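Written below as structure tokens is the structure these notes are about.
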Amino acid sequence: MTGDIFLEAGALGMPAVVIHGGAGEFGRLSSPAQLAGLEQDLSDALGAGWDVLDAGGRALDSVVEAVACMEASGNFNCGRGAVATSQGTVETDAAVMDGMSGSFGAICAATWPDSPVRAARAVMALGGPAEGPILLAGAGADRFCENTGLAPRVPSSLCGEGVVPVSRSGTVGAVAVDRDGHLATATSTGGRLGKLPGRVGDSPIAGAGTWADDRSVAVSATGEGESFLVAGFAHRVDWCVTQGAPLSAALGDALASVRSRGGHGGAIVLARDGRFAVAFDTFAMARGWRGRSCSTVRPVHRDENGPADAQT
Ligand code: ASP
């Protein structure tokens, strides 16, 4: 079930990291204990991303660590917790993008990596946008991961092959700006529950579910990926911002385009000065943000604490 687009925004300064743990309906199904666990997972992921930034590290490393933390938890639809395909198998997608260099790396329909975001990071180290490849799929992605020495996947006891979770959150993502003012983003997902093997959504596609450019913003999306793909979601956010739109208005515009194509979900966006916005039209979206003087996690609801300045 979905409603109006819920917008939330604020200013964190530099450095800063913003994460999401998926948009969807999971909040309706979760027990208080499960929600407390989700809140802890989000706090851990924020901490992993923040520690990199606080030590003077790069935004790119921050988003990889935050996302890898959620992949390892088994409680999100990514990495160890990825949902099953219609065949009961697991295929993961992930992407990273560096706003400073424009480098991008991604894998899709991969079965090998324990940490798909680290696999995406390894692909980024190959040829880059000029020479390629920037995206490896299926058996080729698995071979690359194995040959690169990346750890093989450890299925979660909570979900994945053969076991459909009753309560979970979704796709994960992170956007960060480091103390030098460089942006980065990462997104990781198991895709849609019961998807056809070989199906790939928006998450590993540059400009759809994942995008970072120091000249504009960093974006990570979650939701019904086919609609985000055909809407060119993250590129649309970028374009709106470069035309002068506030971050929340840019997210709202791009999400409206997704809705007009029958899709629902949400996204996070961050600018170089630490302004950020969140938008979603689902019942719930797990999210959190951290800067020098603020650390917040909101595991589920739309407006439990009221929106911040939605004009940011
Ligand atoms: N966007 C992801 C996909 O379509 C799924 C999600 O975010 O829940 O693969």
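With the convex hull built on the Cα atoms of segment 1-156, state its orientation-averaged projected area in nm².
Numbers: hull surface 45.0 nm².
If you wrap the Cα atoms of segment 1-156 in a convex hull and average its projections, you get 11.2 nm².
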**Report entry** Helical contribution to [θ] at 222 nm, DSSP H n ≥ 4, -39,500 (n - 2.57), averaged over the chain, rounded to 500
**Finding:** -9500 deg cm²/dmol
Requested in this report: Write out the trypsin sites (Lys or Arg not before Pro) in segment 188-235 meeting two conditions: DSSP loop, and at most 16 other Cβ atoms within 10 Å of their Cβ.
Outcome: Arg215
Query raised in the report: Roughly speaking, what is the centre-to-centre gap between segment 171-248 and segment 34-83 when only Cα atoms are used, to the nearest Å?
Result: 17 Å
Query raised in the report: For segment 274-287, in order, what is each residue's ³J(HN,Hα) by Karplus, 6.51 cos²θ - 1.76 cosθ + 1.60 with θ = phi - 60°, in whole Hz (x at glycine and Pro)?
Result: x, 6, 9, 8, 10, 9, 7, 10, 8, 5, 9, 8, 6, 7
Query raised in the report: In Å, what is the Rg of the alpha-carbon atoms in segment 231-302, and how long is Dmax?
Result: 12.7, 39
Query - P(r), alpha carbons of segment 220-269 - 10 Å bins starting at zero, rounded % - result: 32, 58, 10
Report summary line: Shape descriptors of the chain over alpha-carbon atoms, Rg and Dmax in angstrom, are 17.0, 49
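A short reminder: the numbers here are calculations on the coordinates, not readings from a lab. Everything numeric here is computed off the predicted structure, so don't read it as measured data. Neighbour counts run over all protein chains shown; Cβ positions are idealised from the backbone, glycine included.
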